[in-house]
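S.K.: Please read through the structure below; I'll follow up with questions.
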Amino acid sequence: MRLLLIKVATAACFAVITTGRLCACQCGATSYGRNSWEAAKLQTDAATFVFEGTPERFELQWSVLRAKEGELISAGNASSSKNVQRPWMLVTFRVQRAYKGYLGSLLRPGDEIAIMTGLGGGDCGAIFEPGLAYLVFANATRHSEPQVSMCSPGDGLRVGV
């Protein structure tokens, strides 16, 4: 009986340890406020772009897909290789209402904006459905395209639902 208890305890410990490693994406609050309005203001201030929009195009982006015939591609860790990047999705939105952001000029209704995200799951990618309107909080630097993740404020928040 004691041996059975030890085996069950060992299996449970192993399951807990390995399960923790399966989930690579964990969200933590980045903006704390005294109330919901203050937290929303902090999140808006931290975002580069804030808009309501509808996803119109979805394009899988991956350096492996752009490789030329005969070109060598590293089979190593994609994050450590400069030539190979992890796959990601480029989602083009049609802006319905703009709250914050510039694309050369002020972001306006009717504009299109391309947003990078992961594929979903462990890479923290945001999931969007065509034809639905979303409130998008995207971040960008001078050297990168706007990006969102499942941890971004507004992720999955459908407008007018």
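S.K.: Please go through the stretch 108-126 and pick out each residue that is modelled with pLDDT under 90, of a type outside the set (A, V, I, L, M, F, W, C) and crowded, with 19+ Cβ neighbours inside 10 Å.
M.R.: Hits for the stretch 108-126 are G118, G125.
S.K.: If you don't mind, there's one more thing I want to ask. Picking from E145, E129, which residue would you name as being part of a loop (DSSP other than H, G, I, E, B) and at pLDDT 90 or above?
M.R.: Details: E145 fails: at pLDDT 90 or above.
E129 is the lone residue from the list that is part of a loop (DSSP other than H, G, I, E, B) and at pLDDT 90 or above.
S.K.: Oh, and also: Considering only residues of the stretch 148-161 that are within 13 Å of E129 (Cβ to Cβ) and either over 14 Å from the mean Cα position of the chain (by Cα) or not in a loop (DSSP other than H, G, I, E, B) (or both), which is modelled with the lowest pLDDT?
M.R.: The residue in question is V161.
S.K.: Would you point out the residue of the stretch 49-81, among those that are among the polar types (S, T, N, Q) and surrounded by 10 or more Cβ atoms within 10 Å (Cβ to Cβ), that is modelled with the lowest pLDDT? First the steps, then the outcome.
M.R.: At the first step, the residues of the stretch 49-81 found to be among the polar types (S, T, N, Q) are 54, 61, 63, 74, 77, 79-81.
Still in the running and surrounded by 10 or more Cβ atoms within 10 Å (Cβ to Cβ): 54, 61, 63, 74, 81.
Numbers: T54: 95, Q61: 87, S63: 77, S74: 68, S81: 44.
Here the answer is S81.
S.K.: What are the residues in the stretch 82-91 that are exposed (fewer than 15 other Cβ atoms within 10 Å of the Cβ) and not in a loop (DSSP other than H, G, I, E, B), if any?
M.R.: Residue satisfying the conditions is L90 alone.
S.K.: Enumerate the pairs (first residue in the stretch 35-53 and without any contact (Cβ under 8 Å) to a residue 60 or more places away in the chain; second residue anywhere and assigned to a loop (DSSP other than H, G, I, E, B) and of a type outside the set (F, W, Y)) with beta-carbon separation below 6 Å, excluding pairs fewer than 6 apart on the same chain, so at least 6 apart or on different chains.
M.R.: A39/S31; A39/G33; L42/S31; L42/G33
S.K.: Right, here's the next one. In the stretch 103-125, what count of residues is obtained for those that are of a type in the set (K, R) and either over 16 Å from T48 (Cα atoms) or in a helix (DSSP H, G or I) (or both)? Write out each step before concluding.
M.R.: Applying the first criterion (of a type in the set (K, R)) to the stretch 103-125 yields 108.
Going one step further and asking which of them are either over 16 Å from T48 (Cα atoms) or in a helix (DSSP H, G or I) (or both), we end up with none.
Qualifying residue count, the stretch 103-125: 0.
The values are calculated or read from the model by the stated rules, or taken from the named source; none is laboratory data. The structure displayed is predicted, hence computed values, not measured ones. All Cβ positions, even for glycine, are placed from backbone atoms using ideal geometry, and neighbour counts span all protein chains on display.
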